[in-house]
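The structure appears below as structure tokens.
Each value in this text was obtained by applying a stated rule to the coordinates, not by laboratory testing. Remember, predicted model here, so these are calculated numbers, not experimental data. Because the Cβ atoms are built from the backbone with ideal geometry, glycine has one as well, and the counts that use them run over all protein chains shown.
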Amino acid sequence: MTNLMEEQDSSDFVVLTDVIPAIVLEMRYFSSFNFTGQRVKDYLEPIALLTKEAAFKLKNASNVFRKKDLILKIYDAYRPQTSVDSFIQWTKTGSDIMKPYFYPKLTRDEIFSLGYLFKKSSHSRGSAVDITLIDIKTGRSLDMGGPYDYFDEISHPSYKNITKVQFDNRMLLGETMMNNGFIPTKTEWWHFSLKDEPFPDKYFSFPVTGASLKNKTYKGT
């Protein structure tokens with residue numbers, strides 16, 4: 001277990017758009033359009049932060065997608081441990097106002113017990129992303145057979161009761177990410193973690209804001 005000073009050390013993190021300018025951000029936890037129904041604790045800006053290692057690996061994947069006239073849309077990246085703690089508190093005292101849109105078949109507790117959320121999230125280690133793809137020609141997101149953060153079996157990457165186009169889109173996303181150093185999860189088609197993440201045992205807690213970064217002059221290459 002790391003101490004608080006280590007968990008607050010943001011020196012290895014970057015703003016993702018400094019590394020990959022040509023991406024779309026839809027930072028759901030900065031908005032109220034998420035399963036909690038309100039902006040999540042310590043999401044202070046609608047930006048995506050990642051470790052440098054994860055950001056440059058994601059840039060490699062982005063370059064592959066660009067050759068197919070696709071660009072990345074980012075739903076979430078680094079997630080403070082304090083935000084995860086707020087999810088835990090939400091299961092105890094939160095509102096079910098967004099239940100029809102994100103977890104219609106589950107209780108709040110089951111979202112954790114069935115592996116859609118964890119009390120220690122890979123996002124808090126700084127090298128995980130939630131993503132989808134946008135077709136540059138149409139400006140529309142590819143049809144993945146289910147929406148982001150929909151906590152149900154239909155969101156499992158291997159789920160077969162969807163159309164061939166939807167399944168192929170999931171496979172394109174997953175295979176390209178795996179070929180560029182990321183690992184998928186069994187429950188969410190949108191979630192990928194860096195295989196060789198630099199901080200496998202650390203969970204960071206600084207807020208999602210550019211002001212949190214120690215290396216503020218970093219602009220990527």
Total residues in segment 40-57, condition surrounded by fewer than 16 Cβ atoms within 10 Å (Cβ to Cβ) and free of Cβ contacts under 8 Å to residues at least 60 places away in the same chain: 1
Only listed residue being at positive phi and either free of Cβ contacts under 8 Å to residues at least 12 places away in the same chain or in contact with a helix residue (DSSP H, G or I) (Cβ under 6 Å, 6 or more places away or on another chain) (or both), chosen from GLY115, GLY139: GLY139
Might you check whether a residue that is without any contact (Cβ under 8 Å) to a residue 60 or more places away in the chain and among the polar types (S, T, N, Q) occurs anywhere in segment 152-160? yes
Only one of SER155, SER127 is within 16 Å of the chain's Cα centre (by Cα), small (Gly, Ala, Ser) and under 21 Å from SER11 (Cβ atoms), namely SER127
Filter result (under 20 Å from SER11 (Cα atoms) and of a type outside the set (A, V, I, L, M)) within segment 48-82: THR51, LYS52, GLU53, PHE56, LYS57, LYS59, ASP76, TYR78, ARG79, PRO80, GLN81, THR82
Any residue in segment 67-78 that is within 29 Å of GLY94 (Cα to Cα) and in contact with a Gly (Cβ under 6 Å, 6 or more places away or on another chain)? yes
